[in-house]
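Visitor: Structure below; questions to follow.
The values are calculated or read from the model by the stated rules, or taken from the named source; none is laboratory data. None of these values were measured; they are calculated from a predicted model. Counting neighbours? That spans all protein chains shown, and the Cβs are built from the backbone with ideal geometry, glycine included.
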Amino acid sequence: MYKLYSLRYMGLLQKSNCCQNWCRTLSRKALAESSILDTNRYLNELVTSGQIDEARKLFERMPHRDEFSWNTMVSGYADLGRLTEARKVFDETPNKSSITWSALVSGYCKHGYETEGFQLFWEMRYEGHKPSQFTLGSVLRVCSVKGLLLKGKQIHGYATKTNFDTKVFVITGLIDMYAKCFCVMDAELLFEEMPSGRNHVTWTAMINGYSLNGDAHKTIRCFRGMRAVGIQANQYTFPGVLTACTAVFDIGFGVQVHGCIVHGGFEANVFVQSALVDLYAKCGDLRSARNALELMEVDHVVSSNSMILGYVRNGFVEEALSLFKEMHERNIGPNDYTYPSVLNCLTSKKYVRKGQLVHCLVIKTGFKGYKIVSNALVDMYAKQGDLSSAFKVFDTILDRDVISWTSAVTGCAHNGFHEKALKFFSEMRNCGVQPDQVITSSILSSCAELALLKFGQEVHANFLKSSLGSSLSVDNSLVTMYANCGCLEEANIVFNSMETRNVITWTALIVGCAQNGKGKESLELYNEMILSGIKPDFITFIGLLFACSHAGLVDQGRKHFDSMVNVYGIRPGPDHYTCMIDLLGRAGKLHDAEKLLNEMSVEPDATVWKVFLAACKEHGNIDLAKKAALVLFKLTPQDAVPYVMLSNMYSAVGKWEDAAAVRKLMKSKSISKEPGYSWLEMNGKVHRFMSEDRSHPKMDQIYSKIGEVMALIKKAGYVPDMNFALHDINDEGKELGLAYHSEKLAVAFGFLYVPQGVPIRIYKNLRVCGDCHAAMKFMSKIYHRHIILRDSKCFHHFREGTCSCGDYY
DNA sequence: CTAGGGTTAG
């Protein structure tokens, strides 16, 4: 079938129909009487309009054939990729010239048989035929398409030697070759130094070269240069220019180019139209995109793909899906570009069924093995929370690229399996796949989540060693990772090195400072952020209010909470209320806290009630505490904390019977305290300790170290706090029990094996015990060690007898 | 005989 979408093409088509009629009605006599020149002209017209078989019939009937007739047939077959027939005619050609050879070389090259093309090229010279600039153009073309830089350079050398390097076809071919091989500088040099005679193809090659290499500004400048010297752009030029406009979202210039296109009469070309649809869709002007799409005379899959992607990127999921459906109804076959976009808009849990349907379509339409489609499927299933389907697809991908691995890694992380994410990342590296910015950012977030400093540092170091430039998301993840691992200094270094920062960057550091006991710095950072013109978001305020509550800044906290709602229109979530109630409660404003709790615009969750209960305990308000505990018994029936807290409150005021009753209730429901444990990481190994744990291979040394430590800090004034000991044993037993708390075992291990001068980093799954907190302050002073303890709430940096939390834990 | 073109996923 003929392509009807180009008016020019239509003109040609009519002509060739005439030609066909002429051919059919032409008698043998008339044919014999026509001049060979005329017959050759018609032969050529048949060939160029794609009617090679008609041309063949005419060719067979021709009484005389000259060089031109033979060459026309060779090039005709070669051009269409019918290379066996081309070769056969070539072999039969009585007087082969350079042109005959060139035609065949060009055909082989054009249709992907570069080896044969090159072979013929050398053979031709061996036979004594000088290649023409057209032959060189053809072999250069194959270098462009296949990215054969080395071969291309050889041709360049040959061209220089034979003085072909002044011919416009050769220079243009070289420019295109270098640009396609991503050596745009070499292309530019040739273009700049071209003595004269740049034609529209030369300009186009340079323009598209810049565009391909991602230099939108030079693309546009070059296009302007072309117009300035009065050379007309055509359907080959515009797509590249439009792509450049799209890349920099310059819709203003894009519209001007659109004007040129209409003016020049090129708006009916599919390539131009597709580029237009893409420009408008990517720039968010979906109406103009849709307009351009509707104006197309053929149903076209590339433009539909662009349109779908435009809908997806701009959040119009339903429109994207309905266009996909429309494609199906109009019999536009989807291709491997269609599915990623469609799958991409089905990543929410509510599209599980639709996701499966599209997966079925992928299989039915034969795109099952396409890596890019499979990658998108992995991502979709993982984001929908169906990891098992995700991995089923992942396992079928044979040649996994960095995007396949990223889909798996982020899929794990998305579902909270951060250790698994790290495993996949390591496996990827073992497979020799190099990480890029996206996966680096993702894996750093997992490190942050797990507070794995060592792993994170390694990823950071490898990233610096790689030649990848940094990106906003990598830097943001680094700030978060370091802050989450208690390394504010490093977080600050990354933060300060960044050229652009967004709300995530600022928030990461605000939260980091708050967690590490630098509440005032958090507030200062917040002010700086506002001054730099960046608006805070939901998460920024969680960090900010957390900072206020840790620093005990009641008025500031109230002010920011108020501005969050009234200035920034952010509806507070449970986390914001938790911070506020914690802040008010710890400051002794129990009734304000209770009032806020009752006024909450969302249902208070267990965390809110827990901080309220803790505040009641802190200030000895048993009535309110009882109320909170009762709510918590219902909300989190298996949580021991409210039982223990309430019982301890009764004990503290001597209400032994009430205390016992609570413990009995707890026992009857077979609730037990979550076992506390502490761990630290050394040389890639995790050392985990439970209270009174004796399972560690170096236990003897650890216990004797504890003996030494306890003796020394007692001499310095430490008094064991029996409130944190178990109840039913004597004082001596209690004291030993305290000494063997998991965090103390971990510190003793650190004293033994972490070199002096290196911080000892300990993690605990629960809140740090009050006695341990006091003891660690003494330890840090007597041993001159920096002890960093991350508990379930925040970081404690113990240095020279003080803690960064200001004892406000 | 003649070089140059548009859309992909994390």
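Visitor: Please tell me if A:G252 is without any contact (Cβ under 8 Å) to a residue 12 or more places away in the chain, under 29 Å from the mean Cα position of the chain (by Cα) and assigned to a helix (DSSP H, G or I).
Guide: On the way: without any contact (Cβ under 8 Å) to a residue 12 or more places away in the chain: yes; under 29 Å from the mean Cα position of the chain (by Cα): yes; assigned to a helix (DSSP H, G or I): yes.
For A:G252, the condition - without any contact (Cβ under 8 Å) to a residue 12 or more places away in the chain, under 29 Å from the mean Cα position of the chain (by Cα) and assigned to a helix (DSSP H, G or I) - is met.
Visitor: Given the options A:A376, A:A413, A:A382, name the one that is over 29 Å from A:S322 (Cα atoms) and surrounded by 18 or more Cβ atoms within 10 Å (Cβ to Cβ). I'd like the intermediate steps shown before the answer.
Guide: Details: A:A376 fails: over 29 Å from A:S322 (Cα atoms); A:A382 fails: over 29 Å from A:S322 (Cα atoms).
Just one listed residue meets the conditions, A:A413.
Visitor: I need the helices (runs of 4 or more DSSP H) fully contained in the stretch A:380-442, keeping only those with at least 2 residues that are hydrophobic (A, V, I, L, M, F, W, C) and either over 19 Å from A:L346 (Cβ atoms) or assigned by TED's automatic domain parsing to the domain that holds A:V479 (or both). Give the steps one after another, and end with the answer.
Guide: Numbers: elements: A:387-396, A:402-414, A:418-430.
Where helices (runs of 4 or more DSSP H) fall fully within the stretch A:380-442 and carry at least 2 residues being hydrophobic (A, V, I, L, M, F, W, C) and either over 19 Å from A:L346 (Cβ atoms) or assigned by TED's automatic domain parsing to the domain that holds A:V479 (or both), they are A:402-414, A:418-430.
Visitor: Can you find, within the stretch A:69-119, the residue that is nearest to A:S144 (Cα to Cα) among those that are surrounded by fewer than 23 Cβ atoms within 10 Å (Cβ to Cβ) and in contact with a His (Cβ under 8 Å, 6 or more places away or on another chain)?
Guide: It comes out as A:G81.
Visitor: Within the stretch A:224-276, take every residue that is of a type in the set (S, T, Y) and within 18 Å of A:Y210 (Cα to Cα) and give me the one that is surrounded by the most Cβ atoms within 10 Å (Cβ to Cβ). Quick ask: steps written out before the conclusion?
Guide: Step one: list which residues in the stretch A:224-276 are of a type in the set (S, T, Y), which gives A:236-237, A:243, A:246, A:274.
If we keep only those that are within 18 Å of A:Y210 (Cα to Cα) as well, we get A:236-237, A:243, A:246.
Working: A:Y236: 17, A:T237: 28, A:T243: 20, A:T246: 22.
Filtering first and then ranking leaves A:T237.
For every residue, the table says whether it meets (1) free of Cβ contacts under 8 Å to residues at least 60 places away in the same chain; (2) crowded, with 19+ Cβ neighbours inside 10 Å.
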| site | (1), (2) |
| --- | --- |
| A:K714 | yes, no |
| A:M722 | yes, no |
| A:E732 | yes, no |
| A:L738 | yes, yes |
| A:L745 | no, yes |
| A:N765 | no, no |
| A:M779 | no, yes |
| A:R785 | yes, yes |
| A:F795 | no, yes |
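Visitor: Can you tell me which residue among A:V105, A:V74 is of a type in the set (A, V, I, L, M, F, W, C) and closer than 19 Å to A:S49 by Cβ? Give the derivation first.
Guide: Details: A:V105 fails: closer than 19 Å to A:S49 by Cβ.
Answer to the check: A:V74.
Visitor: Within the stretch A:672-679, does at least one residue satisfy the condition of being part of a helix (DSSP H, G or I), of a type outside the set (A, V, I, L, M, F, W, C) and not assigned by TED's automatic domain parsing to the domain that holds A:S426?
Guide: Narrowing the stretch A:672-679 to residues part of a helix (DSSP H, G or I): none.
No; the residues of the stretch A:672-679 include none that is part of a helix (DSSP H, G or I), of a type outside the set (A, V, I, L, M, F, W, C) and not assigned by TED's automatic domain parsing to the domain that holds A:S426.
Visitor: Something else: I need the full set of residues from the stretch A:680-709 which are small (G, A, S) and not in a helix (DSSP H, G or I), in order please. Give the derivation first.
Guide: So the first thing to find is which residues in the stretch A:680-709 are small (G, A, S), and the list is A:684, A:691, A:695, A:704, A:707.
Correct list: A:G684, A:S691, A:S695.
Visitor: Which numbered condition trips up A:P572, out of (1) in the same structural domain as A:A547 (by TED's automatic domain parsing); (2) surrounded by fewer than 19 Cβ atoms within 10 Å (Cβ to Cβ); (3) not in a helix (DSSP H, G or I)?
Guide: (2)
Visitor: While we're looking at this one, here's another question. Criterion first (of a type outside the set (D, E), part of a helix (DSSP H, G or I) and within 13 Å of A:A275 (Cβ to Cβ)) does A:V241 satisfy it?
Guide: Working: of a type outside the set (D, E): yes; part of a helix (DSSP H, G or I): yes; within 13 Å of A:A275 (Cβ to Cβ): yes.
Here the answer is yes, as A:V241 does meet what is asked.
Visitor: Further question: Quick check on my filter: what residues within the stretch A:120-159 are within 12 Å of DNA strand B (Cβ to nearest atom), surrounded by fewer than 17 Cβ atoms within 10 Å (Cβ to Cβ) and in a helix (DSSP H, G or I)?
Guide: A:V145, A:K146
Visitor: Which of the residues that make up the stretch A:45-71 are assigned to a helix (DSSP H, G or I) and either over 16 Å from A:L31 (Cβ atoms) or touching a Phe, Trp or Tyr at 6+ places or on another chain (Cβ under 8 Å) (or both)? Let's see the steps before the verdict.
Guide: Filtering the stretch A:45-71 for residues assigned to a helix (DSSP H, G or I) gives A:45-48, A:52-61, A:67-71.
Those that are assigned to a helix (DSSP H, G or I) and either over 16 Å from A:L31 (Cβ atoms) or touching a Phe, Trp or Tyr at 6+ places or on another chain (Cβ under 8 Å) (or both): A:V47, A:T48, A:I52, A:D53, A:L58, A:E67, A:F68, A:S69, A:W70, A:N71.
Visitor: Is there any pair linking a residue in the stretch A:203-225 that is free of Cβ contacts under 8 Å to residues at least 40 places away in the same chain to one that is more than 14 Å from DNA strand B (Cβ to nearest atom), with Cβ under 6 Å and at least six apart or on different chains, and which?
Guide: Here the result reads A:Y210/A:K218, each pair linking the stretch A:203-225 to a residue that is more than 14 Å from DNA strand B (Cβ to nearest atom).
Visitor: A further question on this structure: Within the stretch A:216-224, identify whether any single residue is within 12 Å of DNA strand B (Cβ to nearest atom) and in contact with a helix residue (DSSP H, G or I) (Cβ under 6 Å, 6 or more places away or on another chain), and answer yes or no.
Guide: Quick first cut of the stretch A:216-224, residues within 12 Å of DNA strand B (Cβ to nearest atom) only: A:216, A:219.
Filter again for in contact with a helix residue (DSSP H, G or I) (Cβ under 6 Å, 6 or more places away or on another chain), leaving A:216, A:219.
Within the stretch A:216-224 (the criterion being within 12 Å of DNA strand B (Cβ to nearest atom) and in contact with a helix residue (DSSP H, G or I) (Cβ under 6 Å, 6 or more places away or on another chain)), the answer is yes, since at least one residue qualifies.
Visitor: Scan the stretch A:178-209 for residues that are within 11 Å of DNA strand B (Cβ to nearest atom) and not in a loop (DSSP other than H, G, I, E, B) and report the count.
Guide: The qualifying residues number 12.
Visitor: For the stretch A:358-368, give me each residue that is within 13 Å of DNA strand B (Cβ to nearest atom) and of a type outside the set (V, I, T).
Guide: Matches in the stretch A:358-368: A:F367 only.
Visitor: Something else now. In the list A:D700, A:D693, which residue meets the criterion of being acidic (D, E), surrounded by fewer than 16 Cβ atoms within 10 Å (Cβ to Cβ) and assigned by TED's automatic domain parsing to the domain that holds A:I787?
Guide: On the way: A:D693 fails: surrounded by fewer than 16 Cβ atoms within 10 Å (Cβ to Cβ).
Matching residue, one of A:D700, A:D693: A:D700.
Visitor: Quick test for you: out of A:S470, A:S442, pick the one residue that is buried (at least 21 other Cβ atoms within 10 Å of the Cβ) and touching a residue at least 24 places away in the same chain (Cβ under 8 Å). Break it down stepwise before answering.
Guide: On the way: A:S470 fails: buried (at least 21 other Cβ atoms within 10 Å of the Cβ).
None of the others qualify; the one that does is A:S442.
Visitor: If a residue must be farther than 22 Å from A:I363 by Cβ and either in contact with a Cys (Cβ under 7 Å, 6 or more places away or on another chain) or aromatic (F, W, Y) (or both), how many such residues does the stretch A:313-336 contain?
Guide: 2
Visitor: Those residues that are surrounded by fewer than 20 Cβ atoms within 10 Å (Cβ to Cβ) and over 16 Å from the mean Cα position of the chain (by Cα), I need them from the stretch A:359-373; list them, please.
Guide: In the first step, residues of the stretch A:359-373 are kept if they are surrounded by fewer than 20 Cβ atoms within 10 Å (Cβ to Cβ); the result is A:360-361, A:363-372.
Hits for the stretch A:359-373 are A:C360, A:L361, A:I363, A:K364, A:T365, A:G366, A:F367, A:K368, A:G369, A:Y370, A:K371.
Visitor: Which number in (1) over 17 Å from the mean Cα position of the chain (by Cα); (2) surrounded by 17 or more Cβ atoms within 10 Å (Cβ to Cβ) marks the one condition that A:S388 misses?
Guide: The single condition A:S388 does not satisfy is (2).
Visitor: Is it fair to say A:G552 is modelled with pLDDT under 95, closer than 24 Å to A:G512 by Cβ and not polar (S, T, N, Q)?
Guide: Values: modelled with pLDDT under 95: yes; closer than 24 Å to A:G512 by Cβ: yes; not polar (S, T, N, Q): yes.
So A:G552 fits the description; yes.
Visitor: With the requirement that a residue be closer than 24 Å to A:R799 by Cα and charged (D, E, K, R), what does the stretch A:475-529 give you?
Guide: A:E489, A:E490, A:K518, A:K520, A:E521, A:E524
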